[in-house]
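The values are calculated or read from the model by the stated rules, or taken from the named source; none is laboratory data. Keep in mind that what you see is a predicted model, and the values were worked out from it rather than measured. No Cβ is skipped: glycine too gets one built from the backbone with ideal geometry, and neighbour counts run over all protein chains shown. When the accessible area is computed, the model is the full protein with side chains, heavy atoms only, and any ligands, DNA or RNA have been set aside. Shrake-Rupley method; radii C 1.70, N 1.55, O 1.52, S 1.80 Å.
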Amino acid sequence: MAEPISVGVNLDAFSHAISGIQALRSSVSRVFESLKDGMKNRETLEGREKQFISEFQDTLQAVNRDLNELERLSGLVGRPSESHPLHNSGLLSLDPVQDKTPLYSQLLQAYKWSNKLQYHAGLASSLLNQQSLKRSANQMGASAKRRPKVQPSTLVLPPQYVDDVISRVGRMFPDMTIELFRPNGTSAVLLVTLGKVLKAIVVMRSLFIDRTVVRGFNENVYSEDGKLDIWTKSQYLVFQKVTDHATTALLHYQLPQMPDVVVRSFMTWLRSYIKLFQSSCQRCGRFLQEGLPPTWRDFRTLEAFHDTCRL
């Protein structure tokens, strides 16, 4: 249970003020009851008028007295303090039934967690700023003359240029079939069929490869509406591994100044899986390890390794 927070309210005066409100409501109710009953229980008209006026004055005086008492108590109650972290939400700590409505304790824990998150995020930001990692196509020394930065133009390339690059890549590899789709306008989606081994769906933004999903050759790559299914994973573990390695390859092949080279490099790496089930591991020499073939391909030599042998 959370510790109670002082909210700057006189609880004793607050309790008396509630009783004063109830007394004031009772006095007002008696006024209206007196008006409703009117002049009764008197034989003469004059006697009824005097009795009614006397009772009405008494009830009005009682209302005035209760109202003055409530105003006095309201001055003693005080205003809620705004120094606590949850501001008006801190008033929830006054709820006596914590077991049934633990809202305040949950809010307090969430506030503490948010403070810790902000603190650790600040530490992480300062460490990352001290050791910033920069990817560059050309690693130049500190004394070398810096070249002006070339703004990447990947996102503004015309569709005709993208089609031409994909067509040239397809002619480079006769055993690889590349079908190009544009389901959402200018963005391209490639269906790459590698022999009778696998099918890969490559989602692109212009010439920037966004994501890749690899499935088996006999697996369905279309959704129920006839479009390419770019989200569903393969049902086979071996192709799930290849999908993970393809995602790593996308992070490795980064050259914003020459996006067509990135596409050719990635397709060359992907084509190395043409002998996925025929190549042995270059380290252990085995074809299978834990029931899986070598699913890793080196980014430079394209040699096959098991996932654990590459380390």
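Given axes a ≥ b ≥ c from the Cα gyration tensor, I'd like to know whether the range 209-249 is rounded (a/c under 1.5), prolate (a/b larger than b/c) or oblate. It is oblate, given that a/c is not under 1.5 and a/b is not larger than b/c. Accessible area per residue (1.4 Å probe, heavy atoms of protein chains only) ranks Arg310, Arg171, Arg72 as Arg171, Arg72, Arg310, with the largest value leading.
Using a probe of 1.4 angstrom and keeping all protein chains present, the accessible surface of the range 229-309 works out to 55 square angstrom per residue. The loop-placed trypsin sites (Lys or Arg not before Pro) in the range 187-237, going by DSSP, that have at most 15 neighbouring Cβ atoms within 10 Å of their Cβ come out as Lys196, Lys227, Lys233. When the solvent-accessible area of the range 229-274 is split by element, carbon and sulfur atoms take up 58 percent of it, the probe being 1.4 Å.
Using only side-chain charges placed at the Cβ, +1 for Lys and Arg and -1 for Asp and Glu, the dipole size of the range 169-229 relative to its Cα centre rounds to 200 debye.
In the range 200-290, a dipole from Cβ-located charges (positive for Lys and Arg, negative for Asp and Glu) runs towards its positive end, and of Val203, Asn218, Gln282 it is Gln282 whose Cα lies farthest in that direction. Kindly provide log₁₀ I(q)/I(0) values, in the same order as q = 0.19 Å⁻¹, from the Debye equation applied to equal alpha-carbon scatterers of the range 154-292. Normalising to I(0) and taking log10 leaves -1.17.
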